[in-house]
Amino acid sequence: MEHNIYLYILVMAGVTYLIRMLPLALSKKEITNIHVRSFLYYVPYACLAAMTFPAILHATASTYSALAGLIVAVIAAYRGKSLLTVALLACAAVFVVERILPFC
Amino acid sequence: MKTKDYQNGLRDGVAVALGYFAVSFTFGMASAADGLSILQAVLISLTNVTSAGQFSGLAIIAAGGTYIEIALTQLVINLRYCLMSFSLAQKLNRTAPHWHRYLMAYSVTDEIFGLDASLDKALSPAYHYGVTSVAVPGWVLGTLAGAVSGNILPAFVISALGVAIYGMFLAIIIPPARQNRTVLLVVLSAMGLSFLFSVLPVLNRITSGFVIIITTVTVAGIAAWLRPIEDGKAEEGGR
């Protein structure tokens, strides 16, 4: 089935706005339940991790170049480089490995 | 008084705008790499104003996922805004008319929330709007610049850019994982679980969006149950 990109965007924007708006509009009380707060705290990490691996392995022309990108990104991120730096270093690793691979 | 709050917001928003420009530039490039038009990339940034949500949405658009998948993914990954909005609802100036809450909700992001929360007095909507009116243009212009360069770059560069979004994700999750053992376990478990979903028979037929949702809810749920955070840490979530 062919999907309409503008409809995707509408769904994304609608859901995201509602999440932000409903608590502001409706709430008079703060969440105090520690398990609910903890769940919301861990969600971004679990979500981003699940989206990254193993999907990153299929993100480029070859699994080897993707693996190189993954390793470089992990090292750069571990050293506390900024988002843009980590992203660009990963791209550079993929680029370099894909130039070398034909000769292996 | 309101003018002063607005001006303070503008001033504090500049740093956020600069940071946003760099991140959304990457989003613009990734959108171009996934075949979106410049207008579509800019429209996503203007209407969503959230990095992780937009990147995950982009991944689902690129994979041709269903509308339900994209809605549920946005719900799960942006659920933390729920917590921030609850918190802002507490901090908001009691005399502010109710309709401000509907307008302010548009730009509840990690960084803008951080600024709002750091004020030592009740939050005035004017301050929030001040930050928003610098930060959101930074976000949108960065996307525009990234999408334009993504569209004029040669194909082999675009292929290397495919990994950019994952590099960004790693840059968001690894530094906190270094400092907090539970976050590290959450990250590793989530990666392991989604990997299992991709290789095990039957399970590997589940579409990627649902795998993300199932993994996130399971891992974050178990972590919250076994290792609840200490109070006050919940506001320090990822970018």
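The values are calculated or read from the model by the stated rules, or taken from the named source; none is laboratory data. Remember, it's a predicted structure, so these values are computed and weren't measured experimentally. Neighbour counts run over all protein chains shown; Cβ positions are idealised from the backbone, glycine included.
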- Message: Looking at (1) at the interface with chain A (Cβ under 8 Å from one of its Cβ atoms); (2) part of a loop (DSSP other than H, G, I, E, B), which one does B:Asp120 not meet, given that it meets all the others?
- Response: (1)
- Looking only at residues in the stretch B:132-161 that are buried (at least 24 other Cβ atoms within 10 Å of the Cβ) and in contact with an Asp or Glu (Cβ under 8 Å, 6 or more places away or on another chain), which one is nearest to the other protein chains (Cβ to nearest Cβ)? B:Ala160
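Please go through the stretch B:19-28 and give me each residue that is of a type in the set (A, V, I, L, M, F, W, C) and at the interface with chain A (Cβ under 9 Å from one of its Cβ atoms), ordered by number.
Pass one, the stretch B:19-28, residues of a type in the set (A, V, I, L, M, F, W, C): B:21-23, B:25, B:27.
Of everything in the stretch B:19-28, those that are of a type in the set (A, V, I, L, M, F, W, C) and at the interface with chain A (Cβ under 9 Å from one of its Cβ atoms) turn out to be B:Ala22, B:Val23, B:Phe25.
Among the listed residues A:Leu84, A:Leu57, identify the single one that is surrounded by fewer than 24 Cβ atoms within 10 Å (Cβ to Cβ) and closer than 28 Å to B:Ile222 by Cβ.
Details: A:Leu84 fails: closer than 28 Å to B:Ile222 by Cβ.
Result of the check over A:Leu84, A:Leu57: A:Leu57.
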- Query: Within the stretch B:68-104, which residues are surrounded by 24 or more Cβ atoms within 10 Å (Cβ to Cβ) and either more than 7 Å from chain A (Cβ to nearest Cβ) or among the charged types (D, E, K, R) (or both)?
  - Reply: B:Thr73, B:Arg80, B:Met84
- Message: Suppose the filter is in contact (Cβ under 8 Å) with a residue 12 or more places away in the chain and over 22 Å from B:Ala15 (Cα atoms); does B:Ile112 pass it?
- Response: no
- Scan the stretch B:192-216 for residues that are more than 8 Å from chain A (Cβ to nearest Cβ), under 21 Å from the mean Cα position of the chain (by Cα) and in contact (Cβ under 8 Å) with a residue 40 or more places away in the chain and report the count. 3
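Given the condition in contact with a Lys or Arg (Cβ under 6 Å, 6 or more places away or on another chain), part of a helix (DSSP H, G or I) and within 26 Å of B:Ser24 (Cβ to Cβ), answer yes or no: does some residue in the stretch B:164-186 qualify? Full working, then the answer.
Applying the first criterion (in contact with a Lys or Arg (Cβ under 6 Å, 6 or more places away or on another chain)) to the stretch B:164-186 yields B:172, B:182.
Checking which are part of a helix (DSSP H, G or I) leaves us with B:172, B:182.
Narrowing the set further to residues that are within 26 Å of B:Ser24 (Cβ to Cβ) leaves B:172.
Scanning the stretch B:164-186, I find at least one residue that is in contact with a Lys or Arg (Cβ under 6 Å, 6 or more places away or on another chain), part of a helix (DSSP H, G or I) and within 26 Å of B:Ser24 (Cβ to Cβ), so the answer is yes.
May I ask you to verify whether B:Ile172 is away from chain A (no Cβ under 12 Å) and out of contact with any Asp or Glu (no Cβ under 8 Å at 6 or more places or on another chain)?
Values: away from chain A (no Cβ under 12 Å): no; out of contact with any Asp or Glu (no Cβ under 8 Å at 6 or more places or on another chain): yes.
Considered against the rule, which asks whether it is away from chain A (no Cβ under 12 Å) and out of contact with any Asp or Glu (no Cβ under 8 Å at 6 or more places or on another chain), B:Ile172 comes out as no.
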- Which of the residues that make up the stretch B:31-45 are under 15 Å from the mean Cα position of the chain (by Cα) and at the interface with another protein chain (Cβ under 9 Å from one of its Cβ atoms)? B:Ile44
- Flagged pairs (Cβ under 9 angstrom, 6 or more apart or on separate chains; first in the stretch B:35-61, within 11 Å of A:Met51 (Cα to Cα); second assigned to a loop (DSSP other than H, G, I, E, B) and of a type in the set (Gly, Ala, Ser)) are B:Ala52/B:Gly238; B:Ala59/B:Gly65
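Answer yes or no: is there a residue in the stretch B:83-93 that is within 24 Å of B:Ile44 (Cα to Cα) and either in contact with a strand residue (DSSP E or B) (Cβ under 9 Å, 6 or more places away or on another chain) or part of a loop (DSSP other than H, G, I, E, B) (or both).
Checking the stretch B:83-93: not a single residue is within 24 Å of B:Ile44 (Cα to Cα) and either in contact with a strand residue (DSSP E or B) (Cβ under 9 Å, 6 or more places away or on another chain) or part of a loop (DSSP other than H, G, I, E, B) (or both).
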- Item | Checklist (1) surrounded by fewer than 22 Cβ atoms within 10 Å (Cβ to Cβ); (2) touching a Leu at 6+ places or on another chain (Cβ under 8 Å); (3) facing chain A (nearest Cβ under 7 Å) applied to B:Ala164, failing item | (1)
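To keep it simple, each residue is scored yes or no on (1) among the polar types (S, T, N, Q); (2) modelled with pLDDT of 90 or more; (3) more than 18 Å from the chain's Cα centre (by Cα).
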| site | (1), (2), (3) |
| --- | --- |
| A:Pro23 | no, yes, yes |
| A:Ile31 | no, no, yes |
| A:His35 | no, yes, yes |
| A:Pro54 | no, yes, no |
- Out of the stretch B:34-46, which residues are buried (at least 24 other Cβ atoms within 10 Å of the Cβ) and closer than 12 Å to B:Ser149 by Cβ? B:Ala41
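Given the criterion closer than 28 Å to B:Leu196 by Cβ, of a type in the set (A, V, I, L, M), within 7 Å of chain B (Cβ to nearest Cβ) and in contact with a Ser or Thr (Cβ under 7 Å, 6 or more places away or on another chain), identify the matching residue among A:Val94, A:Val74. Spell out the reasoning first.
Values: A:Val74 fails: in contact with a Ser or Thr (Cβ under 7 Å, 6 or more places away or on another chain).
The match here is A:Val94.
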- Those residues of the stretch A:32-70 which are touching a Leu at 6+ places or on another chain (Cβ under 8 Å), more than 7 Å from chain B (Cβ to nearest Cβ) and of a type outside the set (A, V, I, L, M), in sequence order: A:Ser62, A:Thr63, A:Tyr64, A:Ser65
- Message: I'm trying to understand the selection: among the residues of the stretch A:9-33, which are surrounded by fewer than 19 Cβ atoms within 10 Å (Cβ to Cβ), among the aliphatic types (A, V, I, L, M) and under 20 Å from B:Asp110 (Cα atoms)?
- Response: A:Leu18, A:Leu22, A:Ala25, A:Ile31
